[in-house]
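Undergrad: Have a look at the structure that comes next, please.
Derivation of every value follows stated rules applied to the coordinates shown; laboratory data play no part. What you see is a predicted model, and the numbers here were worked out from it, not measured in a lab. Cβ atoms come from the backbone with ideal geometry, glycine included; neighbour counts cover every protein chain shown.
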Amino acid sequence: DTGVSQDPRHKITKRGQNVTFRCDPISEHNRLYWYRQTLGQGPEFLTYFQNEAQLEKSRLLSDRFSAERPKGSFSTLEIQRTEQGDSAMYLCASSLAVTLNTEAFFGQGTRLTVV
Amino acid sequence: AQSVTQPDIHITVSEGASLELRCNYSYGATPYLFWYVQSPGQGLQLLLKYFSGDTLVQGIKGFEAEFKRSQSSFNLRKPSVHWSDAAEYFCAVGAPSSASKIIFGSGTRLSIRP
């Protein structure tokens, strides 16, 4: 399977704990995006990387959130001191930015539940 | 800043009937436009996209969409729906100047009546 994969698929954590999600993009893709989707809403942009550089961060990405893409391949999204409001589906997408008109391919997401 | 409005939260149509899902966008120039579908427990799948050229765009699964600049709309259509089309549909807009991110609408949930 050469699609975008995310791990874990589901995560239940207690409020105040730290969690980390992983995203493996399609292998030749140089752009990687993180989105958050809450129930009944569309995905909201969080941040994106081109290779290993984090080029844009949304105001939604509070200080408790950090994302990395250390070698320009996989990426991790860490949430520290989780809150119940962090409960959501976290989606990763990747694209090959050769030209501007490229599409993003999405993973199946990591569903986070904070109890 | 770009934004997307999907005015219909939930639509129910009969199997075999035609479908039109509405999408209006806000952007200062011609944006990149997308329709994605999301089935329960699945990731987002791209149905079709518009970047330039012919304003009627054909996509997968028999879907099409028409870009109307004068109405700032990009409505999704299908002439005859199948029960397997039941899903959540998202319209999205991207900015050609940055191509850094895609902004999604809040989605329209499609139910199919047998």
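Undergrad: If you average the sequence gap of Cα pairs under 8 Å that are 6 or more apart and divide by the length of chain A, what percent do you get for the contact order? Working shown, then result.
TA: Working: 288 pairs, mean separation 41.4, N = 115.
Relative CO of chain A lands at 36 percent.
Undergrad: For chain B, what's the relative contact order in percent, using C-alpha pairs closer than 8 Å and at least 6 residues apart?
TA: On the way: 279 pairs, mean separation 42.6, N = 114.
Result for chain B is 37 percent.
Undergrad: Further, regarding this structure: Taking each residue in A:31-44, count the Cβ atoms of any other chain within 10 Å of its Cβ, then average. What number comes out?
TA: Values: counts 3, 0, 3, 0, 4, 0, 6, 0, 0, 5, 5, 15, 10, 3.
Whole-number average of other-chain Cβ neighbours for A:31-44 is 4.
Undergrad: Spit out the partnerless Cys residues in the protein assembly as shown, using Cβ distances under 4.7 Å as the pairing rule.
TA: Cys with no partner Cβ under 4.7 Å: none.
Undergrad: Next question. In nm, to one decimal, how far is the residue A:13 label point from the residue A:54 one, both placed 7 Å along Cα→Cβ?
TA: Simple spin-label model gives 1.5 nm for this pair.
Undergrad: Please give the Cα centre distance for segment A:33-106 versus segment B:30-74, rounded to the nearest Å.
TA: 22
Undergrad: Give the average, rounded to an integer, of partner chain Cβ atoms located within 10 angstrom of each Cβ in B:28-41.
TA: Numbers: counts 0, 0, 0, 0, 4, 0, 2, 0, 5, 0, 8, 0, 0, 4.
Average per residue, whole number: 2.
Undergrad: Quick one: divide the alpha-carbon radius of gyration of segment A:1-80 by 2.2 N^0.38 Å and tell me what you get. Intermediate results must be reported in sequence, preceding the final value.
TA: Working: Rg = 12.8 Å, N = 80, 2.2 N^0.38 = 11.6 Å.
Against the empirical 2.2 N^0.38 Å value, I get 1.10 for segment A:1-80.
Undergrad: So, one more: Suppose we keep just the alpha-carbon trace of the protein assembly as shown; what are its Rg and Dmax in angstrom?
TA: 17.6, 52
Undergrad: On to the next question. Peptide B:103-109: average number of partner chain Cβ atoms within 10 Å per residue? Write out the running numbers ahead of the final one.
TA: Details: counts 4, 7, 3, 3, 5, 0, 1.
Taking the mean over all residues of the peptide, I get 3.
Undergrad: Follow-up. What distance in nm separates the simple spin-label points at residue B:113 and residue B:68, each placed 7 Å from Cα in the Cβ direction?
TA: 2.5
Undergrad: Under the rule a/c < 1.5 gives rounded, and otherwise a/b versus b/c splits prolate from oblate, where does chain B land using the Cα gyration tensor? Before the final figure, lay out the partial values.
TA: On the way: a/c = 1.92, a/b = 1.65, b/c = 1.16.
It is prolate, given that a/c is not under 1.5 and a/b is the larger ratio.
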